[in-house]
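The values are calculated or read from the model by the stated rules, or taken from the named source; none is laboratory data. These figures come from a predicted structure and were not determined experimentally. Cβ placement follows ideal geometry from the backbone for every residue including glycine, while neighbour counts extend to all protein chains displayed.
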Amino acid sequence: MRGTSQSRANHRVQFAEPGADEDPGRQFVTALARGLNILQAFTQGDASLGNQELAERTGLTKPTVSRLTYTLTRLGYLVCSPQTGRYELGTSALALGYWAMAGSYIRQVAKPLMEQVSSELNLCCALGYRDDADAIYLEHTRGSGALIMSVQSGSRTPLVTTAMGRALIAVMDKRERDKLFAAEKTRYGAQWSKICKGVEEGLKDYQERGFTMSLGDWEKEIHAVGVPLALNDGNPPMALTLGGSAYTLDRNLLVGQIGPRLVDLAQQIRHSLKSRA
């Protein structure tokens, strides 16, 4: 439902510098607060906003707003139209809202099923989503094995070297995948050839078996499998991973037992989400 012109005109997000009697402490980052203030200035009825409108709504000076919108655009939180110079919320900002709303619900459904698999196989299980070149762990369960993967909810791991990341890469469209690979080639330099080979093998595994693998590519003592989790709600897919010690998880075990069990887990979660919708 779109807001009226009057309601948009009256919308103003005040930004106040801390006064003498309002000391937020040395931990308070004013620049961050101002950037968030810019994002909060957008309302449901706004197709786009210019720097002048953002300055009026936030009470910040136009030069300050210009620096903030430039930075937020570079980070993907805003998108600037080259024709009009006006801004819209970008995918990074939209993703924050989506994962905040969806994350709690999905975790409620997924966690008990993940805990069951972790206990059954004595392995670490994780649910995550893509953020640029990383996978972010949304939920994490573990068995009682000696090896505990050094991740928790909120942890970031690379897409290109992990089973979860490769599962997310497997469901990207070609243009998005090519863009990622070009950036990672620059990032990894001479290591890219070996990493790219591992990604290609992971994609082949997905095409043939329905899951990806990472055999010590992220951390040499960890072997894992990954499966994309399409939510079928118009939003980007998530992914699941099962992993553990490379000393106990050889390729044959991953292919014959662990990978198929993870595919089954993804189906269970999708079915549970659908039945609760």
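Miscellaneous remarks
- Candidate set from segment 142-164 (those that are surrounded by fewer than 20 Cβ atoms within 10 Å (Cβ to Cβ) and outside any loop (DSSP other than H, G, I, E, B)); member that is modelled with the highest pLDDT: 158
- Residue list for segment 67-93, filter: out of contact with any strand residue (DSSP E or B) (no Cβ under 9 Å at 6 or more places or on another chain), part of a loop (DSSP other than H, G, I, E, B) and under 14 Å from residue 50 (Cα atoms): 82, 83, 84, 85
To keep it simple, each residue is scored yes or no on (1) modelled with pLDDT of 95 or more; (2) buried (at least 18 other Cβ atoms within 10 Å of the Cβ); (3) over 20 Å from residue 121 (Cβ atoms); (4) over 22 Å from the mean Cα position of the chain (by Cα).
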residue	(1), (2), (3), (4)
206	yes, yes, yes, no
212	yes, yes, no, no
216	no, no, no, yes
220	no, no, yes, yes
227	yes, yes, no, no
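- Restricting segment 37-52 to residues that are more than 13 Å from residue 79 (Cα to Cα) and exposed (fewer than 14 other Cβ atoms within 10 Å of the Cβ) leaves a set whose member that is modelled with the lowest pLDDT is 44.
- Note on segment 56-70: residues that are closer than 17 Å to residue 88 by Cβ and surrounded by 20 or more Cβ atoms within 10 Å (Cβ to Cβ) total 5.
Each row is one residue, and each column tells you yes or no for (1) hydrophobic (A, V, I, L, M, F, W, C); (2) under 23 Å from the mean Cα position of the chain (by Cα); (3) crowded, with 16+ Cβ neighbours inside 10 Å.
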{"residue": "175", "(1), (2), (3)": "no, yes, no"}
{"residue": "178", "(1), (2), (3)": "no, yes, no"}
{"residue": "185", "(1), (2), (3)": "no, yes, no"}
{"residue": "196", "(1), (2), (3)": "yes, yes, no"}
{"residue": "199", "(1), (2), (3)": "yes, yes, yes"}
{"residue": "224", "(1), (2), (3)": "yes, yes, yes"}
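- Subset of segment 109-141 [in a loop (DSSP other than H, G, I, E, B) and either surrounded by 18 or more Cβ atoms within 10 Å (Cβ to Cβ) or touching a residue at least 60 places away in the same chain (Cβ under 8 Å) (or both)]: 122, 123
- Residue count for segment 234-243, restricted to those that are at pLDDT below 95, on the phi < 0 side of the Ramachandran plot and of a type in the set (Gly, Ala, Ser): 1
- When 273, 262, 254 are checked against the criterion of being farther than 24 Å from residue 133 by Cβ, modelled with pLDDT of 90 or more, surrounded by 17 or more Cβ atoms within 10 Å (Cβ to Cβ) and more than 19 Å from the chain's Cα centre (by Cα), 254 stands alone in meeting it.
- The residue that is farthest from the chain's Cα centre (by Cα), among those in segment 77-127 that are modelled with pLDDT of 85 or more, among the small types (Gly, Ala, Ser) and over 18 Å from residue 237 (Cβ atoms), is 85.
- Test set (1) out of contact with any Pro (no Cβ under 8 Å at 6 or more places or on another chain); (2) in a helix (DSSP H, G or I) - residue 214 fails condition number: (2)
A quick yes/no check of all residues on (1) in contact with a Leu (Cβ under 9 Å, 6 or more places away or on another chain); (2) without any contact (Cβ under 8 Å) to a residue 40 or more places away in the chain; (3) assigned to a strand (DSSP E or B):
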| position | (1), (2), (3) |
| --- | --- |
| 198 | yes, yes, no |
| 204 | no, yes, no |
| 218 | no, no, no |
| 236 | yes, no, no |
| 255 | no, no, no |
| 264 | no, yes, no |
| 275 | no, yes, no |
